[in-house]
Amino acid sequence: MHLGIVKMIGRRILIALPILGVVSVLLFVVLRLLPVDPAAMSMAPNATLEEIAAKRIEMGLDRSLPEQYAIWIGRVLQGDFGTSSHFRRPVIGLVVETLPQTIELVALGIVVATVLGLAGGLWMFHVRGTYQEPVVDFGSTLLMSIPEFLWALFFILLFGVALELLPFVGRLSATYSRPNATGFLLFDALAVGRIDIFLDALRHMVLPALALGIAFAPSIMRVLRSSLLDVYHEDYIHQARLRGIPERTLLTRHALKNAILPTLSLMGVQFGFMFGGTLLVEVIYSYPGMGNLMVDAVRNADLPIIQAVGLTYAAIVLVINTVVDALYLVLNPKLRAAA
Amino acid sequence: MSLLVARGLTVSATIAGKTVQALRELDFALAPGRMMGLVGESGAGKSMIGRTIAQVLPPGFRVSGGSLTFDGRDLVTMDARSRRDLLGKDIAFIPQEPLSALNPVFTIGQQIDEHLARLGVCDRGERRERALAMFDAVHLPHGADLLTKYPHQLSGGMCQRVLIAMAFASRPRLVVADEPTTALDVTIQARIVQLIREMQEKSGTAVVFITHDLKLAAQICDEILVLYAGRPVERGPARTVFASPTHPYTRCLQLANPNLSGPRRALHSLPEQMPGLLGQLALDGCRFAPRCPLVEDACRRAEPPTVVTGADHAAACLRAASTASIAAPAIGTVPAGTGSGGPLVTVDAVTKRYALGGGFLSSRRHFDAVKGVSLAIARNEFVGVVGESGSGKSTLAKLIVGLETPTAGSIVMGGRDVTDGSRLARQARLDTVQMVFQDPQSALNPRRRVASIVTQAMEAGARATTWDERLARARELLREIGLPPETATRYPSQLSGGQRQRVNIARALCTTPKVLVADEIVSGLDVSVQAQLLNLLLRLRDEFGFSMLFISHDLSVVRYLCSRVLVMWRGEVVETGPTETVFANPQHPYTRMLLAAVPPDDPAAAWNPLDEVERLTA
Amino acid sequence: MSAAAASAMRILPAWMRSGRVIIGLLIVATVVACALFAPWLAPHDPEEQDLLAQLLPPFWQSGADPLYPLGTDALGRCVLSRLIWGARVAMTVAVIAAFGAMILGAILAHVAGYLGGAVDWTISRAVDVWMSFPPVVLSLILMTGLGAGVRNVILAIILVDWTRFCRVLRSEVLVIARKDYVAAARLVGFSHTRTLLREVLPATVPLLITLLSIEMAVAVIVEAILSYVGMSVEANIPAWGQMIADARREIHHAPWGLVLPILAILITVLGFNLLGDGLRRTLDVRLNQTREG
């Protein structure tokens, strides 16, 4: 059984690596379409044309596209994503700084989405066939129609401006300085024993995480509800009922374990998308994560950052997919036998 | 005292604003330890009885009259908690589809454990012991291994044994078995039915055995209750009901089933079909009257009373005394094909190999679905192919019509090998062969009207055809297959199962092919509809003259239709010859096992299904 | 309801009797009308700045100017007019991009699902590569490469969202291609193209329409996101996302400036989603068949 999972994860990684390779090629090609000169961008504004030409040769921009790609990917594999033309710093440092912030935010968002999604799905299933059903149904369509950045703005208006309950700018109040260790702020704050910093950081995360979570919860609700409805049409539920198993056990033991499977595969896709959702949410909350970095880079046409962050996003999505696949395998004996 | 008693039990529903009755004034009394066969075609209401016992009726249905008592307690008015206490303990159920009746995410062990825990076996180790003992009782070997297996790792027959073990675990007083063998292969069916009988006798349980097979019920049950359109039409001791039925419907049902031994007799085919829930509202009198060969005016006026026709034997019919006059004459053997002009289709040493699995982490294995099969179909000849699931008979059909390409061997039609995939080969196939598919639900495009479906071939032709031309041809085809012309503008969803299968056949006949390949085309149908179609095929052959490769798991149907038969087992033809010879004197152990699995035509005769063929060949 | 009206209702196809479809259609029709007739509907030129009337509140608040029913923004531009003109960008993008993504995705899905084998493998892997980017990230990257402008927004959405159609439709095509009636069509002499067009495509059309409606909602959101970060239309064309970005700066002085474009997006998206949802419920043949059967 464990061997099957290890094998399957191995197979997933073997599939993921070529995908990541193709992604890197695509990223490279798309961004070469850009009508800006990476060499000129990477230098001070007062550089002479000769200096720029020399830089072009140094950066390999006079070579063919496949050669340029080979040079670039060679450096990337050594952890060198080049230098940001805007920040004048190595890109890898910027990514290492911002990625943990985004991961913390998404992790919290995933918790919110999962709790809301599963609870909501169960509730929607519970009210099936009652007069509440159409209302709940309409409500879920309404919730589905609100993307995360609208929630983000709405929460700012409500909790930030109107009620003044929670902060909505930045990662930490100006009075604190951030402890440095792993880069994961919540973790570092606890590690140095600063509960106050931990709580302050958490308060700054509540609104963005809530916005992310609540935006991704409705689709989870709906899939759980419809999978539960499907499962309740299955023979084994009928047969278990005929064995005298109480309705409550039917739901919690027999139905839920089956209905969670399609829900889980949806969650895998959704959580990958959630990383994309952080983009605008981080901008709106001035949250110093990778999304903010990306949007800045796009505005400044800062190619090395866009490439690095793009690749990082792809890698994260593939990791999430692998984790979800592994979980799916643990929960689904049919696939486990096949693996 | 009787264990399960129904008195005037009526189950109703409201459909389209009208109150309809799925079960109507049902009376029976089942004594402890007895086995009652509940016989009827689909829609007769037989499954509704099981659902009424457990009070899990489909949405909208309710018990609207009468009573149903178990051990003197009314199951209908009983509160939900006490009823649930009975379920699984005193009343147990054996399902129709064993594979889907076990929860796929739990092991067999976990599911049995849960059941035993509910029965009050507190100690875990004791539950395990009990489970292993249960497996022994239902003859499941390697019990300890089985506990850790998931349902999908087991065959349908094994799952059904597990479910039977669970049903009898509590030594219940009543077991309801709802078509417990329909989804299984013939040879396994026989073993399962006998197992239920064995367990029933061992624990002295009363059994309600729901089935569409009158012969099977007569073989294993003590008494029989025949249902028609929600109404009980005949009840009595099993063998008496089978030997001398007193309701015309029972008699017709019996005569609609082809026999496997003795002289081949004509099939009695009832016209049309059983009325649906809404259709019954239009009938004032006997619900069988529109189809009854003995009908008289009085039958249509009021529902006939139940009359006693013998010891414990009763029928709801005014003409019960004349039932024996319905007869089906003996007819000769099936005419053989004509040899002149050589065979229409020649299959020579055809093999189809499939790759299994095959990733780079697992070694590539393969499996031969069809292995070196040869056959020839002569003009006007009906050739039968029998075998169980996995025997390769459906793959053979697909190879012949060109839905699959053989790995080796040749298929010759119209003088050329048609396996090379060329345009000429495709044309040769189009000129020679057409296929009738098993499941009309899947074979008829739900978005096309019947006229468009049956004349689909005209749409493919090079010459453009007008809708009027097609409509005319469609009417012609519909008349030939016995459907009213107004069917032409209907959609498949507006037709009954039997009508759909006729449309399915009509489409294949549109281009007047020389050979029809028919894959299990009557297996999903009720007996009376099956008889209609079998007779239709024989009539069509007389009228048009075509050959047919008729694939079926049902030996008696093959005997009725085909002059020659091929027995397939694990991709190979293990025996072939004239149908009468093969069935009368089978040579291969597998053929013998197939024949032995069919309940004998005479229910009084002993029925000894054989063990698995591996043991026989070893 | 009178008997005549009731029978008239019965003649209407099921999808036209669904409350969701009707509400969805009404909302969508209103927004489309705003987009089409913006020059006549809008009381002001959306770019006209009235520097004496900056950040006026909407009509229900004190200090409102009846000339500007929904108030003005920081540059004194009429919010109502900008909302109406904003519908133009939103609808242009939604309709063209959704159709484009549908055509690209549907063709690939049908080819992949029907032919199977190597073609299917290639297309499925392409979808995998695409899906390894969160859509917003991919469209931002594409916009960086393509440059700003409505045409490029549309192109970016098509290039990103064809996978939504392809993934869902492909599995539907797989189910239908396995139906015996598809095999039967081949056996009576249909060519592959004819089988695909006459047997498979009609069965996927309901799903196609549903996905199209939902994709329009997605396109409205993506366009808003892109214009929020200034990657969509040129600065002199009013767009909802841009209005939000402008109002975000004045959030403490003029919160309603933020609320109005948010509402515009929300209602439009809701309209498309209701329409899609209602169509899915009423057009889904498989769903209806299982209910009957």
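Quick notes
- Test: B:Ala190 is farther than 26 Å from B:Leu594 by Cα, outside the structural domain of B:Val558 (by TED's automatic domain parsing), touching a Pro at 6+ places or on another chain (Cβ under 6 Å) and surrounded by 20 or more Cβ atoms within 10 Å (Cβ to Cβ): no
- The one condition from (1) among the small types (Gly, Ala, Ser); (2) modelled with pLDDT of 90 or more; (3) buried (at least 22 other Cβ atoms within 10 Å of the Cβ) that B:Ser528 does not meet is (2).
- Scan of the stretch B:31-66 for residues that are basic (Lys, Arg) and free of Cβ contacts under 8 Å to residues at least 12 places away in the same chain, ordered by number: B:Arg51
- The stretch C:127-142, residues that are at the interface with another protein chain (Cβ under 7 Å from one of its Cβ atoms) and in contact (Cβ under 8 Å) with a residue 40 or more places away in the chain: C:Pro135, C:Val136, C:Leu140
- Test: residue in the stretch B:149-160 that is surrounded by fewer than 19 Cβ atoms within 10 Å (Cβ to Cβ) and hydrophobic (A, V, I, L, M, F, W, C): no
- Positions within the stretch B:414-443 being in contact with a Lys or Arg (Cβ under 6 Å, 6 or more places away or on another chain) and of a type in the set (A, V, I, L, M), in sequence order: B:Val418, B:Ala428
- C:Phe190 vs. criteria within 12 Å of chain B (Cβ to nearest Cβ), buried (at least 19 other Cβ atoms within 10 Å of the Cβ) and in contact with a helix residue (DSSP H, G or I) (Cβ under 9 Å, 6 or more places away or on another chain): yes
- Some residue of the stretch B:156-171 being out of contact with any Lys or Arg (no Cβ under 7 Å at 6 or more places or on another chain), in the same structural domain as B:Asp136 (by TED's automatic domain parsing), in a helix (DSSP H, G or I) and charged (D, E, K, R): yes
- Flag for B:Phe28 being of a type in the set (Phe, Trp, Tyr), without any contact (Cβ under 8 Å) to a residue 60 or more places away in the chain and out of contact with any Asp or Glu (no Cβ under 7 Å at 6 or more places or on another chain): no
- Hey, B:Pro492 farther than 18 Å from B:Ala256 by Cα, within 11 Å of chain C (Cβ to nearest Cβ) and in contact with a Pro (Cβ under 7 Å, 6 or more places away or on another chain) or not: yes
- Selected residue (only one of B:Glu198, B:Glu126 is free of Cβ contacts under 8 Å to residues at least 24 places away in the same chain, within 29 Å of the chain's Cα centre (by Cα) and away from chain A (no Cβ under 14 Å)): B:Glu198
- Residue within the stretch B:464-476 that is at the interface with chain C (Cβ under 10 Å from one of its Cβ atoms) and surrounded by fewer than 16 Cβ atoms within 10 Å (Cβ to Cβ) present: no
- Residue list for the stretch B:86-100, filter: under 14 Å from B:His115 (Cα atoms) and within 7 Å of chain A (Cβ to nearest Cβ): B:Leu87, B:Gly88, B:Lys89, B:Phe93
- Among the candidates C:Ala98, C:Ala156, C:Ala148, C:Ala106, the residue that is within 13 Å of chain A (Cβ to nearest Cβ), touching a residue at least 12 places away in the same chain (Cβ under 8 Å) and touching a Leu at 6+ places or on another chain (Cβ under 7 Å) is uniquely C:Ala156.
- Residue list for the stretch B:68-97, filter: more than 25 Å from B:Thr211 (Cβ to Cβ) and among the hydroxyl-bearing types (Ser, Thr, Tyr): B:Thr77, B:Ser82
- Residue match in the stretch B:103-112 (condition: modelled with pLDDT under 95 and either within 30 Å of B:Ser2 (Cα to Cα) or more than 14 Å from every other protein chain (Cβ to nearest Cβ) (or both)): no
- In the stretch C:248-271, the residue that is surrounded by the fewest Cβ atoms within 10 Å (Cβ to Cβ) out of those that are of a type outside the set (Val, Ile, Thr) and facing chain A (nearest Cβ under 9 Å) is C:His252.
- Restricting A:Ile284, A:Ile260 to those that are within 14 Å of chain C (Cβ to nearest Cβ), crowded, with 18+ Cβ neighbours inside 10 Å and out of contact with any His (no Cβ under 8 Å at 6 or more places or on another chain) reduces the list to A:Ile284.
- Among residues of the stretch B:548-563, those that are over 20 Å from B:Gly409 (Cβ atoms) and touching a strand residue (DSSP E or B) at 6+ places or on another chain (Cβ under 7 Å), counted: 9
- Of the helices (runs of 4 or more DSSP H) lying entirely inside the stretch A:252-339, those carrying at least 1 residues that are closer than 19 Å to B:Asn103 by Cβ are A:256-284, A:303-331, A:333-338.
- Just so you know, in the stretch A:290-334 the residues that are within 14 Å of chain B (Cβ to nearest Cβ) and without any contact (Cβ under 8 Å) to a residue 60 or more places away in the chain include one that is surrounded by the fewest Cβ atoms within 10 Å (Cβ to Cβ), and it is A:Lys334.
- Scope the stretch A:184-203; condition exposed (fewer than 14 other Cβ atoms within 10 Å of the Cβ) and within 19 Å of A:Val96 (Cβ to Cβ); matching residues: A:Ala191
- The C-beta contact set for the stretch B:454-481 (first residue on the phi > 0 side of the Ramachandran plot, second residue of a type in the set (D, E, K, R) and part of a helix (DSSP H, G or I), distance under 9 angstrom, 6+ apart or interchain) is empty.
- Screening the stretch B:446-529 for helices (runs of 4 or more DSSP H) wholly inside it with 3 or more residues that are under 27 Å from the mean Cα position of the chain (by Cα) and among the charged types (D, E, K, R) returns the ranges B:497-509.
- Of all residues in the stretch B:118-130, none are among the hydrophobic types (A, V, I, L, M, F, W, C) and in a helix (DSSP H, G or I).
- Number of positions in the stretch C:178-204 that are aliphatic (A, V, I, L, M) and free of Cβ contacts under 8 Å to residues at least 60 places away in the same chain: 7
- Number of the exception - A:Ile146 against (1) among the aliphatic types (A, V, I, L, M); (2) facing chain C (nearest Cβ under 9 Å); (3) surrounded by 23 or more Cβ atoms within 10 Å (Cβ to Cβ): (3)
- As for the stretch B:532-544, it holds no residue that is closer than 25 Å to B:Thr187 by Cα, of a type in the set (Phe, Trp, Tyr) and modelled with pLDDT under 95.
The values are calculated or read from the model by the stated rules, or taken from the named source; none is laboratory data. Since the model is a prediction, treat every value here as computed from it, not as a measurement. When we count neighbours, we look across all protein chains shown, and the Cβ atoms used for this are built from the backbone with ideal geometry, even at glycine.
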